[in-house]
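Chemist: This structure is in structure tokens; I'll ask about it shortly.
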């Protein structure tokens, strides 16, 4: 079996797919990766053949057309049995190229949609473009059941064409090593240890509007106007220059991209995730795996990653006052904080086992080869 995986940036491979690639190779799959090799920061798993497509995350018509023709030439050369696309740009170009080359099994792996905000669809050119991979692919895999339901309800595809592997996520959560609470030592990112009396309100992810940084900062401002006991720890790369001075804000500590984000999450008392949209909300599940409770909006994706009233507190979209009250609940009730943390870890161990997700992915590939679910007509 030969599988061509198409991804815009190698960061996605390093963050989500590396463990799966190792398992694919061990199972005898001939894995090829089409990616922008300039984004590769470390050696990829042995046995994976890498092809440079020069993908750019931003829209560039001339460069995108050039990447499309590179993909067409690559597909004609290696003749994959399956083309499996991830991320918006790579999925559009990869599905289109595979269609033109008449590949019978074309998987669009849906991680989320820009056109979706708080469970509502924003009609625009973006929403039109985002619908194209749904038409061009033969099969769609979704990272969460709630996102799957949303795209079907909004007419992106028929229910027979889309599925979610196991209980969702792209790769599961490694609770044995990286997110094993007994093995991960919390890190505080400044010279002195975190003050013992401070309650650490954490943010982990890209620092941008879509990931809820503005709502997070407002929440911290409200909390600190009520009591000077809260410190916001923001972990993630800045994507907008207007956030360059976060460390100048009282009771805020910001660090950029780190490879050991698990050790910083372990220092949180609570993770606050006020995103506009999430495909799955992996960081929320990762925090739960480290016995950290979560406060987040009740939107598709996050509804799968955590359980309201069990491992997290979900509040209505943009109801920041409700999120403030939720943080106060964890601060004032250590028993609630501990119960939600421990229940969260048990839930993640049960639902999001990486080995189970990988086995499901391999079985899905095999079913396509065996024509058990392969629709040769495509659309």
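The values are calculated or read from the model by the stated rules, or taken from the named source; none is laboratory data. All values derive from a computational prediction rather than experimental measurement. Note that each Cβ is placed from the backbone with ideal geometry, even for glycine, and that neighbours are counted across all protein chains shown.
Chemist: Among 267, 259, which is the only one that is in a loop (DSSP other than H, G, I, E, B), more than 13 Å from residue 206 (Cα to Cα) and without any contact (Cβ under 8 Å) to a residue 12 or more places away in the chain?
Modeler: Checking each option against the conditions leaves just 259.
Chemist: Exactly one condition in (1) exposed (fewer than 11 other Cβ atoms within 10 Å of the Cβ); (2) modelled with pLDDT of 75 or more is false for residue 67; which is it?
Modeler: (1)
Chemist: Shifting gears a bit: Inspect the range 153-167 for any residue being touching a helix residue (DSSP H, G or I) at 6+ places or on another chain (Cβ under 7 Å), buried (at least 18 other Cβ atoms within 10 Å of the Cβ) and under 24 Å from residue 56 (Cα atoms) and give the result as yes or no.
Modeler: no
Chemist: Shifting gears a bit: If you take the residues in the range 74-100 that are over 21 Å from the mean Cα position of the chain (by Cα) and part of a loop (DSSP other than H, G, I, E, B), which one is surrounded by the most Cβ atoms within 10 Å (Cβ to Cβ)?
Modeler: It comes out as 80.
Chemist: Here is a further query. Identify all residues within the range 1-12 that are over 20 Å from residue 133 (Cα atoms) and either touching a strand residue (DSSP E or B) at 6+ places or on another chain (Cβ under 6 Å) or touching a residue at least 40 places away in the same chain (Cβ under 8 Å) (or both); write none if there are none.
Modeler: Narrowing the range 1-12 to residues over 20 Å from residue 133 (Cα atoms): 1-2, 10-11.
Those that are over 20 Å from residue 133 (Cα atoms) and either touching a strand residue (DSSP E or B) at 6+ places or on another chain (Cβ under 6 Å) or touching a residue at least 40 places away in the same chain (Cβ under 8 Å) (or both): 1, 2, 10.
Chemist: Identify all residues within the range 5-32 that are more than 21 Å from the chain's Cα centre (by Cα) and closer than 18 Å to residue 52 by Cβ; write none if there are none.
Modeler: 31, 32
Chemist: Within the bounds of the range 210-222, is there any residue that is in contact with a strand residue (DSSP E or B) (Cβ under 8 Å, 6 or more places away or on another chain) and assigned to a loop (DSSP other than H, G, I, E, B)?
Modeler: yes
Chemist: Inspect the range 330-346 for any residue being at positive phi, at pLDDT 95 or above and assigned by TED's automatic domain parsing to the domain that holds residue 214 and give the result as yes or no.
Modeler: no
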